[in-house]
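To keep things clear, I will list the structure first and then write my remarks on it.
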Amino acid sequence: MKTKSSHLETLAIHAGQVPDPTTGAITVPIYLTSTYVQDGPGEHKGFEYSRTQNPTRQALEGNIAALEGGRYGLAFASGCAATTTIFHMLRSGDHVVAGDDLYGGTYRIFERVMKQMGIEVTYVDPINAGAFAEAIRPTTKLVWTETPTNPLLKICDIAAVAEICKKRNVWLAVDNTFLTPMLQRPLDLGATMVVHSTTKYLNGHADVVGGVVVTSDEEVHERLRFLQNAIGAVPGAMDSFLVLRGTKTLAVRMERHVQNAQLVAPWLEAHPAVEKVIYPGLKSHPQAALAAKQMRGPGGMISFVIKSAKRPALERAREMLRATQLFACAESLGGVESLIEHPAIMTHASIPPANRAKLGISDGLIRISVGIEHIDDILADLQQAFERADA
Ligand code: P1T
(Lines give C-alpha, C1' and ligand atoms only; values in the text may rest on other atoms or scores of the structure.)
Protein backbone atom coordinates (compact mmCIF):
# COMPACT_ATOMS: atom_id res chain seq x y z
CA MET A 1 0.00 0.00 0.00
CA LYS A 2 1.45 3.37 -0.98
CA THR A 3 -1.11 5.43 0.95
CA LYS A 4 -0.13 6.39 4.49
CA SER A 5 -3.74 6.68 5.66
CA SER A 6 -4.57 5.95 9.26
CA HIS A 7 -8.30 5.67 8.49
CA LEU A 8 -9.62 2.19 9.21
CA GLU A 9 -11.89 2.25 6.14
CA THR A 10 -8.81 2.72 3.94
CA LEU A 11 -6.55 0.35 5.87
CA ALA A 12 -9.21 -2.37 5.63
CA ILE A 13 -8.93 -2.30 1.85
CA HIS A 14 -5.20 -1.75 1.40
CA ALA A 15 -3.11 -2.67 4.47
CA GLY A 16 -0.85 -5.68 4.11
CA GLN A 17 -1.33 -5.77 0.37
CA VAL A 18 0.79 -4.79 -2.63
CA PRO A 19 0.13 -5.52 -6.31
CA ASP A 20 1.37 -9.01 -7.16
CA PRO A 21 5.08 -8.68 -8.01
CA THR A 22 4.81 -11.04 -11.01
CA THR A 23 1.69 -9.75 -12.75
CA GLY A 24 0.58 -6.58 -11.01
CA ALA A 25 -2.70 -8.29 -10.00
CA ILE A 26 -4.45 -5.84 -7.67
CA THR A 27 -5.90 -8.67 -5.58
CA VAL A 28 -3.50 -10.77 -3.53
CA PRO A 29 -3.38 -14.19 -5.25
CA ILE A 30 -4.31 -17.40 -3.47
CA TYR A 31 -0.88 -18.97 -3.16
CA LEU A 32 -1.93 -22.61 -3.20
CA THR A 33 1.49 -24.07 -2.65
CA SER A 34 2.95 -26.15 0.13
CA THR A 35 6.58 -25.37 -0.61
CA TYR A 36 8.87 -22.89 -2.41
CA VAL A 37 11.78 -23.67 -4.72
CA GLN A 38 15.12 -22.51 -3.35
CA ASP A 39 18.04 -21.43 -5.54
CA GLY A 40 20.27 -23.62 -3.36
CA PRO A 41 19.98 -24.95 0.19
CA GLY A 42 18.85 -22.09 2.42
CA GLU A 43 18.85 -19.66 -0.53
CA HIS A 44 15.20 -18.57 -0.64
CA LYS A 45 13.10 -15.41 -0.93
CA GLY A 46 11.70 -15.53 2.60
CA PHE A 47 9.36 -18.43 1.91
CA GLU A 48 10.32 -22.04 2.68
CA TYR A 49 7.22 -24.04 3.55
CA SER A 50 3.57 -22.95 3.85
CA ARG A 51 3.12 -23.90 7.51
CA THR A 52 5.90 -21.40 8.22
CA GLN A 53 5.10 -18.64 5.69
CA ASN A 54 2.55 -18.15 2.94
CA PRO A 55 2.14 -14.89 0.98
CA THR A 56 -1.67 -14.88 1.14
CA ARG A 57 -1.63 -15.55 4.87
CA GLN A 58 1.04 -12.90 5.35
CA ALA A 59 -1.14 -10.30 3.61
CA LEU A 60 -4.02 -11.18 5.92
CA GLU A 61 -1.80 -10.98 9.01
CA GLY A 62 -0.55 -7.53 7.97
CA ASN A 63 -4.06 -6.37 7.21
CA ILE A 64 -5.60 -7.27 10.57
CA ALA A 65 -2.54 -6.06 12.50
CA ALA A 66 -2.96 -2.65 10.85
CA LEU A 67 -6.68 -2.56 11.68
CA GLU A 68 -6.01 -3.37 15.34
CA GLY A 69 -3.17 -0.83 15.47
CA GLY A 70 -0.67 -3.57 16.30
CA ARG A 71 2.81 -4.23 14.95
CA TYR A 72 2.37 -7.95 14.37
CA GLY A 73 -0.43 -10.28 13.30
CA LEU A 74 -0.57 -14.05 13.20
CA ALA A 75 -3.35 -16.06 11.58
CA PHE A 76 -4.65 -19.42 12.77
CA ALA A 77 -6.94 -22.20 11.57
CA SER A 78 -9.74 -21.13 13.95
CA GLY A 79 -10.41 -18.85 16.88
CA CYS A 80 -9.91 -21.89 19.12
CA ALA A 81 -6.54 -22.59 17.45
CA ALA A 82 -5.48 -19.00 18.21
CA THR A 83 -6.56 -19.39 21.86
CA THR A 84 -4.82 -22.75 22.24
CA THR A 85 -1.61 -21.42 20.71
CA ILE A 86 -1.59 -18.47 23.15
CA PHE A 87 -2.03 -20.92 26.03
CA HIS A 88 1.03 -22.82 24.84
CA MET A 89 3.10 -19.80 25.91
CA LEU A 90 2.32 -21.00 29.46
CA ARG A 91 3.79 -23.87 31.42
CA SER A 92 2.49 -26.35 33.92
CA GLY A 93 2.00 -24.52 37.24
CA ASP A 94 1.11 -21.21 35.59
CA HIS A 95 -2.14 -19.49 36.49
CA VAL A 96 -4.65 -17.56 34.38
CA VAL A 97 -7.43 -15.19 35.45
CA ALA A 98 -10.34 -15.12 33.01
CA GLY A 99 -13.66 -13.34 32.72
CA ASP A 100 -16.44 -15.72 33.70
CA ASP A 101 -18.62 -15.23 30.62
CA LEU A 102 -16.89 -16.77 27.60
CA TYR A 103 -17.67 -18.59 24.40
CA GLY A 104 -18.37 -22.20 25.45
CA GLY A 105 -15.54 -23.54 23.28
CA THR A 106 -13.03 -21.20 24.94
CA TYR A 107 -14.18 -22.36 28.38
CA ARG A 108 -13.82 -25.95 27.16
CA ILE A 109 -10.18 -25.32 26.13
CA PHE A 110 -9.45 -23.86 29.57
CA GLU A 111 -11.20 -26.58 31.56
CA ARG A 112 -10.76 -29.74 29.49
CA VAL A 113 -7.52 -29.20 27.61
CA MET A 114 -5.32 -26.77 29.57
CA LYS A 115 -6.23 -28.02 33.03
CA GLN A 116 -4.82 -31.43 32.10
CA MET A 117 -1.59 -29.70 31.20
CA GLY A 118 -1.31 -28.17 34.67
CA ILE A 119 -2.61 -24.68 33.84
CA GLU A 120 -5.20 -23.42 36.30
CA VAL A 121 -7.83 -20.80 35.44
CA THR A 122 -9.70 -18.65 37.99
CA TYR A 123 -12.90 -16.99 36.75
CA VAL A 124 -14.01 -13.53 37.83
CA ASP A 125 -16.86 -11.24 36.86
CA PRO A 126 -15.32 -9.12 34.07
CA ILE A 127 -17.45 -6.08 34.93
CA ASN A 128 -15.38 -5.73 38.10
CA ALA A 129 -11.80 -4.70 37.27
CA GLY A 130 -10.83 -5.04 40.93
CA ALA A 131 -11.79 -8.72 40.85
CA PHE A 132 -8.99 -9.37 38.34
CA ALA A 133 -6.50 -7.67 40.68
CA GLU A 134 -7.66 -9.77 43.63
CA ALA A 135 -7.39 -13.03 41.69
CA ILE A 136 -3.85 -12.43 40.38
CA ARG A 137 -1.26 -14.63 42.11
CA PRO A 138 2.54 -14.76 41.85
CA THR A 139 2.11 -17.58 39.30
CA THR A 140 -0.40 -15.65 37.15
CA LYS A 141 0.92 -15.10 33.63
CA LEU A 142 -2.18 -14.19 31.69
CA VAL A 143 -5.49 -12.37 32.10
CA TRP A 144 -8.14 -13.26 29.51
CA THR A 145 -11.41 -11.56 28.76
CA GLU A 146 -13.99 -11.13 26.08
CA THR A 147 -15.72 -7.76 25.88
CA PRO A 148 -18.58 -7.62 25.17
CA THR A 149 -18.80 -11.17 26.47
CA ASN A 150 -20.50 -14.09 24.76
CA PRO A 151 -23.46 -14.42 25.30
CA LEU A 152 -24.29 -12.00 28.15
CA LEU A 153 -22.67 -8.91 26.58
CA LYS A 154 -20.95 -7.81 29.78
CA ILE A 155 -18.44 -5.02 29.30
CA CYS A 156 -14.94 -5.22 30.77
CA ASP A 157 -13.08 -1.95 31.38
CA ILE A 158 -10.05 -2.76 29.22
CA ALA A 159 -7.98 0.28 30.28
CA ALA A 160 -8.52 -0.42 33.99
CA VAL A 161 -7.66 -4.13 33.69
CA ALA A 162 -4.67 -3.32 31.45
CA GLU A 163 -3.28 -1.03 34.13
CA ILE A 164 -3.61 -3.77 36.74
CA CYS A 165 -1.90 -6.26 34.42
CA LYS A 166 0.98 -3.88 33.66
CA LYS A 167 1.60 -3.28 37.38
CA ARG A 168 1.64 -7.02 38.06
CA ASN A 169 3.60 -7.92 34.93
CA VAL A 170 0.84 -10.10 33.52
CA TRP A 171 -0.20 -10.32 29.85
CA LEU A 172 -3.72 -9.18 28.98
CA ALA A 173 -5.47 -10.92 26.08
CA VAL A 174 -8.76 -9.43 24.88
CA ASP A 175 -11.08 -11.38 22.59
CA ASN A 176 -12.42 -8.66 20.29
CA THR A 177 -14.53 -10.97 18.11
CA PHE A 178 -17.86 -9.31 18.93
CA LEU A 179 -16.83 -5.77 17.96
CA THR A 180 -13.88 -5.92 15.54
CA PRO A 181 -11.32 -3.10 15.36
CA MET A 182 -13.94 -0.93 13.67
CA LEU A 183 -15.72 -0.56 17.01
CA GLN A 184 -13.01 -1.25 19.60
CA ARG A 185 -9.21 -1.42 19.62
CA PRO A 186 -7.99 -3.14 22.80
CA LEU A 187 -4.28 -2.51 22.09
CA ASP A 188 -4.93 1.26 22.20
CA LEU A 189 -6.38 0.71 25.69
CA GLY A 190 -3.32 -1.19 26.92
CA ALA A 191 -4.01 -4.87 26.14
CA THR A 192 -0.99 -7.03 25.29
CA MET A 193 -2.76 -9.00 22.60
CA VAL A 194 -6.05 -9.07 20.73
CA VAL A 195 -7.64 -12.36 19.73
CA HIS A 196 -10.31 -12.92 17.08
CA SER A 197 -12.36 -15.66 15.68
CA THR A 198 -12.12 -14.40 12.08
CA THR A 199 -14.96 -16.85 11.39
CA LYS A 200 -17.24 -14.03 12.50
CA TYR A 201 -17.37 -10.34 11.47
CA LEU A 202 -13.85 -10.10 10.04
CA ASN A 203 -14.67 -12.64 7.35
CA GLY A 204 -18.35 -11.77 7.51
CA HIS A 205 -19.73 -14.19 4.94
CA ALA A 206 -20.12 -17.43 6.91
CA ASP A 207 -17.79 -19.37 4.64
CA VAL A 208 -14.56 -19.64 6.67
CA VAL A 209 -13.37 -20.82 10.08
CA GLY A 210 -10.30 -18.89 11.22
CA GLY A 211 -8.53 -16.97 13.96
CA VAL A 212 -5.95 -14.24 14.47
CA VAL A 213 -3.78 -12.76 17.22
CA VAL A 214 -2.38 -9.22 17.06
CA THR A 215 0.23 -7.73 19.41
CA SER A 216 2.79 -4.94 19.48
CA ASP A 217 4.94 -6.77 22.05
CA GLU A 218 7.94 -8.15 20.18
CA GLU A 219 8.72 -10.88 22.71
CA VAL A 220 5.10 -12.10 22.76
CA HIS A 221 5.02 -12.04 18.97
CA GLU A 222 8.26 -14.00 18.61
CA ARG A 223 7.01 -16.67 21.00
CA LEU A 224 3.67 -16.89 19.25
CA ARG A 225 5.28 -16.99 15.82
CA PHE A 226 7.47 -19.87 16.97
CA LEU A 227 4.37 -21.69 18.30
CA GLN A 228 2.31 -20.92 15.19
CA ASN A 229 4.90 -22.77 13.12
CA ALA A 230 5.78 -25.43 15.69
CA ILE A 231 2.18 -26.40 16.50
CA GLY A 232 1.00 -25.75 12.96
CA ALA A 233 -2.64 -24.73 13.48
CA VAL A 234 -2.44 -22.40 10.48
CA PRO A 235 -5.11 -21.39 7.93
CA GLY A 236 -4.77 -22.41 4.31
CA ALA A 237 -4.27 -19.89 1.52
CA MET A 238 -7.88 -20.11 0.36
CA ASP A 239 -9.26 -19.33 3.81
CA SER A 240 -6.72 -16.51 4.25
CA PHE A 241 -7.84 -15.05 0.92
CA LEU A 242 -11.50 -15.18 1.92
CA VAL A 243 -10.92 -13.40 5.24
CA LEU A 244 -8.77 -10.79 3.49
CA ARG A 245 -11.58 -10.27 1.01
CA GLY A 246 -14.01 -9.98 3.92
CA THR A 247 -12.09 -7.28 5.78
CA LYS A 248 -12.27 -4.98 2.73
CA THR A 249 -15.97 -4.38 3.45
CA LEU A 250 -15.72 -4.57 7.25
CA ALA A 251 -16.28 -0.84 7.80
CA VAL A 252 -19.52 -0.67 5.83
CA ARG A 253 -20.78 -4.01 7.15
CA MET A 254 -20.20 -3.03 10.78
CA GLU A 255 -21.98 0.27 10.22
CA ARG A 256 -25.09 -1.55 8.98
CA HIS A 257 -24.92 -4.27 11.67
CA VAL A 258 -24.90 -1.52 14.32
CA GLN A 259 -27.61 0.51 12.61
CA ASN A 260 -29.92 -2.52 12.44
CA ALA A 261 -29.15 -3.73 15.97
CA GLN A 262 -29.83 -0.24 17.33
CA LEU A 263 -33.34 -0.54 15.90
CA VAL A 264 -33.93 -4.17 16.89
CA ALA A 265 -32.86 -3.78 20.57
CA PRO A 266 -35.45 -1.13 21.59
CA TRP A 267 -38.09 -2.92 19.51
CA LEU A 268 -37.42 -6.09 21.51
CA GLU A 269 -37.40 -4.13 24.77
CA ALA A 270 -40.91 -2.87 24.00
CA HIS A 271 -42.20 -6.32 22.96
CA PRO A 272 -44.68 -7.95 25.37
CA ALA A 273 -43.13 -11.43 24.89
CA VAL A 274 -39.71 -10.24 26.06
CA GLU A 275 -38.65 -10.14 29.69
CA LYS A 276 -35.26 -8.50 29.29
CA VAL A 277 -32.96 -7.28 26.51
CA ILE A 278 -29.18 -7.15 26.83
CA TYR A 279 -27.53 -4.76 24.38
CA PRO A 280 -24.69 -2.36 25.20
CA GLY A 281 -26.44 0.39 23.20
CA LEU A 282 -29.53 0.43 25.41
CA LYS A 283 -29.83 2.80 28.38
CA SER A 284 -30.94 -0.21 30.42
CA HIS A 285 -27.53 -1.93 29.97
CA PRO A 286 -25.80 -1.71 33.35
CA GLN A 287 -22.56 -0.57 31.71
CA ALA A 288 -23.96 1.65 28.97
CA ALA A 289 -21.65 4.51 30.01
CA LEU A 290 -18.49 2.37 29.86
CA ALA A 291 -19.64 0.92 26.53
CA ALA A 292 -20.08 4.41 25.11
CA LYS A 293 -16.63 5.38 26.37
CA GLN A 294 -14.58 2.42 25.21
CA MET A 295 -16.51 1.30 22.10
CA ARG A 296 -17.19 3.20 18.88
CA GLY A 297 -20.56 1.46 18.54
CA PRO A 298 -22.58 -1.12 20.47
CA GLY A 299 -22.17 -3.90 17.88
CA GLY A 300 -24.59 -6.23 16.17
CA MET A 301 -25.14 -8.84 18.89
CA ILE A 302 -28.24 -8.82 21.11
CA SER A 303 -29.29 -11.27 23.80
CA PHE A 304 -32.79 -11.35 25.26
CA VAL A 305 -34.86 -13.40 27.65
CA ILE A 306 -38.21 -14.62 26.39
CA LYS A 307 -41.07 -14.48 28.93
CA SER A 308 -42.37 -17.77 30.23
CA ALA A 309 -46.03 -16.79 30.19
CA LYS A 310 -48.26 -19.51 28.73
CA ARG A 311 -45.58 -22.21 28.70
CA PRO A 312 -42.08 -22.81 30.14
CA ALA A 313 -39.36 -20.49 28.79
CA LEU A 314 -37.39 -23.37 27.22
CA GLU A 315 -40.38 -24.54 25.24
CA ARG A 316 -41.25 -21.03 24.11
CA ALA A 317 -37.63 -20.35 23.13
CA ARG A 318 -37.46 -23.61 21.14
CA GLU A 319 -40.65 -22.68 19.29
CA MET A 320 -39.33 -19.22 18.52
CA LEU A 321 -36.11 -20.66 17.06
CA ARG A 322 -38.09 -23.10 14.94
CA ALA A 323 -40.42 -20.35 13.74
CA THR A 324 -38.00 -17.78 12.32
CA GLN A 325 -37.75 -17.71 8.55
CA LEU A 326 -35.23 -14.97 7.77
CA PHE A 327 -33.15 -15.58 10.91
CA ALA A 328 -31.40 -18.93 10.56
CA CYS A 329 -31.24 -21.09 13.68
CA ALA A 330 -27.48 -21.64 13.75
CA GLU A 331 -24.35 -21.31 15.84
CA SER A 332 -21.82 -18.60 14.94
CA LEU A 333 -22.36 -14.89 14.35
CA GLY A 334 -21.10 -11.87 12.48
CA GLY A 335 -22.09 -12.90 8.95
CA VAL A 336 -24.19 -10.74 6.64
CA GLU A 337 -27.19 -12.96 7.36
CA SER A 338 -29.18 -12.78 10.60
CA LEU A 339 -28.75 -15.75 12.95
CA ILE A 340 -30.61 -16.83 16.07
CA GLU A 341 -29.46 -19.36 18.65
CA HIS A 342 -30.10 -20.72 22.11
CA PRO A 343 -26.85 -20.50 24.13
CA ALA A 344 -27.80 -23.09 26.79
CA ILE A 345 -28.52 -25.76 24.15
CA MET A 346 -26.10 -24.67 21.44
CA THR A 347 -22.97 -22.48 21.82
CA HIS A 348 -22.63 -22.77 25.60
CA ALA A 349 -23.68 -26.39 26.13
CA SER A 350 -20.12 -27.23 27.22
CA ILE A 351 -20.51 -24.98 30.29
CA PRO A 352 -21.84 -27.02 33.24
CA PRO A 353 -25.55 -26.30 33.94
CA ALA A 354 -24.80 -25.01 37.46
CA ASN A 355 -22.31 -22.45 36.07
CA ARG A 356 -24.76 -21.44 33.37
CA ALA A 357 -27.48 -20.88 35.96
CA LYS A 358 -25.13 -18.81 38.12
CA LEU A 359 -24.13 -16.65 35.16
CA GLY A 360 -27.67 -16.15 33.89
CA ILE A 361 -27.49 -18.29 30.75
CA SER A 362 -31.08 -19.35 31.36
CA ASP A 363 -33.57 -21.50 29.45
CA GLY A 364 -35.24 -18.36 28.12
CA LEU A 365 -32.03 -16.71 26.89
CA ILE A 366 -31.86 -16.24 23.13
CA ARG A 367 -28.93 -14.67 21.24
CA ILE A 368 -29.27 -12.99 17.87
CA SER A 369 -26.64 -11.87 15.42
CA VAL A 370 -28.36 -9.04 13.57
CA GLY A 371 -27.50 -9.23 9.88
CA ILE A 372 -27.42 -6.51 7.26
CA GLU A 373 -30.76 -7.34 5.60
CA HIS A 374 -33.47 -4.64 5.42
CA ILE A 375 -34.60 -3.69 8.91
CA ASP A 376 -38.30 -4.13 8.02
CA ASP A 377 -37.68 -7.78 7.09
CA ILE A 378 -35.68 -8.38 10.27
CA LEU A 379 -38.40 -6.98 12.54
CA ALA A 380 -41.22 -8.67 10.60
CA ASP A 381 -39.51 -12.04 10.96
CA LEU A 382 -39.03 -11.65 14.71
CA GLN A 383 -42.65 -10.54 15.10
CA GLN A 384 -44.08 -13.52 13.21
CA ALA A 385 -41.78 -15.89 15.16
CA PHE A 386 -43.01 -14.50 18.51
CA GLU A 387 -46.58 -15.01 17.33
CA ARG A 388 -45.94 -18.56 16.17
CA ALA A 389 -44.09 -19.40 19.40
CA ASP A 390 -47.32 -18.66 21.22
CA ALA A 391 -49.69 -20.35 18.79
O1 P1T B 1 -15.18 -21.03 16.21
P2 P1T B 1 -13.79 -20.50 16.25
O3 P1T B 1 -13.36 -19.80 15.01
O4 P1T B 1 -12.79 -21.51 16.71
O5 P1T B 1 -13.80 -19.31 17.35
C6 P1T B 1 -14.01 -19.52 18.70
C7 P1T B 1 -14.55 -18.28 19.33
C8 P1T B 1 -13.69 -17.43 20.03
N9 P1T B 1 -14.12 -16.32 20.62
C10 P1T B 1 -15.42 -15.94 20.57
C11 P1T B 1 -15.86 -14.69 21.25
C12 P1T B 1 -16.34 -16.73 19.86
O13 P1T B 1 -17.61 -16.32 19.82
C14 P1T B 1 -15.90 -17.92 19.22
C15 P1T B 1 -16.84 -18.81 18.50
N16 P1T B 1 -18.19 -18.58 18.78
C17 P1T B 1 -19.26 -19.21 18.22
C18 P1T B 1 -19.15 -20.21 17.34
C19 P1T B 1 -20.58 -18.74 18.67
O20 P1T B 1 -21.61 -19.04 18.03
O21 P1T B 1 -20.64 -18.06 19.70
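Compute the label zone of residue 390 within region 297-320: residues whose backbone N is under 12 Å from the point 7 Å along Cα-to-Cβ.
307-311
At a Förster distance of 22 Å, what's the computed FRET efficiency of residue 373 paired with residue 311, Cβ-Cβ distance as r, to 0.05?
Working: r = 29 Å, r/R0 = 1.33.
Rounded to the nearest 0.05, the efficiency is 0.15.
Whole number in Å², please: accessible area per residue of region 305-391, 1.4 Å probe, ligands, DNA and RNA not counted.
Working: 3730 Å² over 87 residues.
The answer is 43 Å² per residue.
Sort 31, 36 from largest to smallest accessible area, using a 1.4 Å probe on the heavy atoms of the protein chains. Please report the intermediate quantities before stating the final value.
Working: 31 70, 36 40 Å².
Largest to smallest exposure gives the sequence 31, 36.
Mind checking the angle between helix 375-389 and the chain's longest principal axis? C-alpha axes, 0 to 90 degrees, to the nearest 10.
50 degrees
In whole Hz, what ³J(HN,Hα) sequence does region 201-210 give by Karplus (6.51, -1.76, 1.60; θ = phi - 60°), x for Gly and Pro?
My calculation for region 201-210 gives 4, 4, 6, x, 10, 6, 10, 8, 10, x Hz in order.
Heavy-atom accessible area of residue 377 with all protein chains present, probe 1.4 Å, nearest 10 Å²?
90 Å²
What residues of region 224-242 lie in the reach of a label at residue 44, counting those whose backbone N is under 14 Å from a point 7 Å from the Cα along Cα→Cβ?
229-230
What is region 143-246 by shape, rounded, prolate or oblate, if you read a ≥ b ≥ c off the alpha carbon gyration tensor as root eigenvalues and call it rounded for a/c under 1.5, prolate for a/b larger than b/c, and oblate otherwise? Intermediate values should be presented prior to the final figure.
Details: a/c = 2.38, a/b = 1.28, b/c = 1.85.
Because a/c hits 1.5 or more and a/b fails to exceed b/c, region 143-246 counts as oblate.
Which FRET efficiency value, to the nearest 0.05, do you get for residue 26 and residue 332 by plugging their Cβ-Cβ distance into 1/(1 + (r/R0)^6) with R0 = 41 Å?
0.85
Just the accessible area per residue of region 213-304, please: how many Å² with a 1.4 Å probe? Provide the component values of the computation, followed by the final result.
Working: 4060 Å² over 92 residues.
Heavy-atom SASA per residue in region 213-304 reads 44 Å².
Quote the accessible area belonging to residue 226 in square angstrom, nearest 10, computed with a 1.4 Å probe and with ligands, DNA and RNA left uncounted.
Taking all protein chains as shown, residue 226 has close to 140 Å².
For a quick check: with amide H placed at 1.01 Å from N, whose amide H comes under 5 Å from residue 53's, ignoring anything fewer than 5 positions away on the same chain?
Amide H neighbours of residue 53: 48.
Can you tell me the relative contact order of the chain? Whole percent, Cα pairs under 8 Å, sequence separation 6 or more.
Values: 801 pairs, mean separation 64.5, N = 391.
The normalised contact order for the chain reaches 16 percent.
Once you put a point 7 Å from the Cα of residue 18 and another 7 Å from the Cα of residue 255, both along the Cβ direction, what distance in nm separates them?
3.1 nm
How big is region 8-247 by the Kirkwood estimate over distinct Cα pairs, in Å? List each step's numbers first, then the result.
Values: mean 1/r = 0.0549 Å⁻¹.
Its Kirkwood hydrodynamic radius stands at 18.2 Å.
With r as the distance between the Cβ atoms of residue 115 and residue 354 and R0 = 22 Å, compute the FRET efficiency 1/(1 + (r/R0)^6) and round to 0.05. Present the calculation step by step, with values, prior to reporting the outcome.
Details: r = 17 Å, r/R0 = 0.79.
Once rounded, the FRET efficiency stands at 0.80.
Working from Cα positions, state the angle (0 to 90°, nearest 10) between the long axis of helix 250-269 and the longest principal axis of the chain.
Approximately 20 degrees, to the nearest ten.
Compute the helix-to-body angle for 218-231: its Cα long axis versus the longest principal axis of the chain, expressed 0 to 90° and rounded to tens.
Tilt of helix 218-231: around 90 degrees.
Could you rank the peptides 341-348, 134-141, 181-188 by their average count of other C-beta atoms within 10 Å per residue, with the highest value first?
Ranked from most to least packed, the peptides come out as 181-188, 341-348, 134-141.
Mind checking the alpha-carbon convex hull of region 250-389 and giving the volume per residue in Å³?
Given the Cα convex hull of region 250-389, per-residue volume reads 109 Å³.
Quick check for me: using +1 on Lys/Arg Cβ and -1 on Asp/Glu Cβ, what's the dipole size of region 250-389 about its Cα centre, in debye to the nearest 20?
520 debye
In nm, to one decimal, how far is the modelled label at residue 292 from the one at residue 231, with both set 7 Å along Cα→Cβ?
Here the answer is 4.0 nm between the modelled labels.
The values are calculated or read from the model by the stated rules, or taken from the named source; none is laboratory data. Note that the structure is predicted; figures quoted are calculated from it, not measured. All Cβ positions, even for glycine, are placed from backbone atoms using ideal geometry, and neighbour counts span all protein chains on display. Note: areas computed on protein heavy atoms with side chains; ligands, DNA, RNA excluded. Shrake-Rupley method; radii C 1.70, N 1.55, O 1.52, S 1.80 Å.
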